Every structure is written in C-alpha cells, then in structure tokens.
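Following: one structure in structure tokens, then a few remarks.
Values quoted throughout were computed directly from the atomic coordinates according to the rules given, and no laboratory measurement underlies them. Not measured: the values here are computed from a predicted model. Backbone-built Cβ (ideal geometry, glycine too); neighbour counts: all protein chains shown.
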Amino acid sequence: MKAKIYKPTKTAMQSGRFNTKKWVLEFEQKDKRFNNPLIGWIGSTDMRQELLLRFENKDEAVNYAKKHGIEYELIQPNKRKIIIQTYADNFK
C-alpha cells in the first residue's frame, strides 16, 4: 500500500486558490480497472483509490502515514512566481 502526499494545485477552471491550502494523502491504484460490458461502467476492486485524506499541514499527513505504516512519497509544491505589473505596462 503506497500513497502520495502533496498540496493540490488550482484547476484551470478557477481563478482563486480555494482548495490549495491543505495537504492531501492519496492512495495509489493497486488493481487494474475493468470495464463492465453490460452497463459500460468502469469498475475496480480497490476501494482505497477512492479515499482522499486532507490535512492542515505536511507534518500531520506524514505523521498519519508513519503511524499507520503507509509507505508514502512526499511531493513538494512549486513556488508561485508573482509578477507585479501595472496597467500602463500593457502599452509600453
């Protein structure tokens, strides 16, 4: 059982950073997904891939993984580049 711990990025459909503050522990897919020929849905026997745990900070997520014996990969977030620009710069 392996998991990844990361801080999610904002989606392309939003301009704000609402769901980007908390850290997430997400389990990796263990079994392959299969197609149900009768209904056409995609299924899986691994229910842990549906589980998404949110934590206030990175240390809480790492401590949870260590406490429960979960092998994890920590993915550090990229730093935001803020370019300060005035409206007049558009006309230079």
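So what is the relative contact order of the chain, in percent, for Cα pairs below 8 Å that sit 6 or more residues apart?
Details: 124 pairs, mean separation 30.4, N = 92.
Relative CO of the chain lands at 33 percent.
Antiparallel as a % of all DSSP beta bridges within segment 2-78, to the nearest 5?
Values: 10 of 14 bridges.
Roughly 70 percent of the DSSP beta bridges within segment 2-78 come out antiparallel.
Magnitude of the Cβ-charge dipole of the chain, K/R +1 and D/E -1, about the Cα centre, nearest 20 debye? Mind showing how you got there, number by number?
Values: 19 positive and 11 negative charges, 77 e Å.
Using only the charged Cβ atoms, the result is roughly 360 debye.
Could you derive backbone 3J(HN,Hα) for segment 65-70 from the dihedral phi with the Karplus parameters 6.51, -1.76 and 1.60 (θ = phi - 60°), listing whole Hz in sequence and x where the residue is Gly or Pro?
Running phi through 6.51 cos²θ - 1.76 cosθ + 1.60 with θ = phi - 60° gives 5, 5, 5, 9, x, 9 Hz.
Dipole of the chain (Lys/Arg Cβ +1, Asp/Glu Cβ -1, origin at the Cα centre): which of F91, F55, P37 lies farthest to the positive side?
F91
For segment 44-92, just run the numbers: alpha carbon Rg, then divide by 2.2 N^0.38 Å, N being how many residues it has. Walk me through the numbers before you get to the answer.
On the way: Rg = 19.9 Å, N = 49, 2.2 N^0.38 = 9.7 Å.
Rounded to two decimals, the normalised Rg is 2.07.
Given a Förster distance of 22 Å, report the FRET efficiency between R33 and K4 from their Cβ-Cβ distance, rounded to the nearest 0.05. The partial results should precede the final answer.
Numbers: r = 18 Å, r/R0 = 0.84.
Plugging the Cβ-Cβ distance into 1/(1 + (r/R0)^6) gives 0.75.
If each DSSP helix of 4+ residues adds -39,500 (n - 2.57) and the sum is divided by the residues in the chain, what number results at 222 nm, nearest 500 deg cm²/dmol?
Details: 1 runs with 10 residues, N = 92.
So the helix-based figure for the chain works out to -3000 deg cm²/dmol.
Which of (1) 29, 12, 10; (2) 35, 22, 10; (3) 25, 14, 12 is the computed semi-axes √(5λ) of the Cα gyration tensor in Å for the structure on display?
Of the labelled values, this structure produces (2).
Between segment 45-92 and segment 4-38, what's the alpha-carbon centroid distance in Å?
Centre-to-centre distance over Cα atoms comes out at 10 Å.
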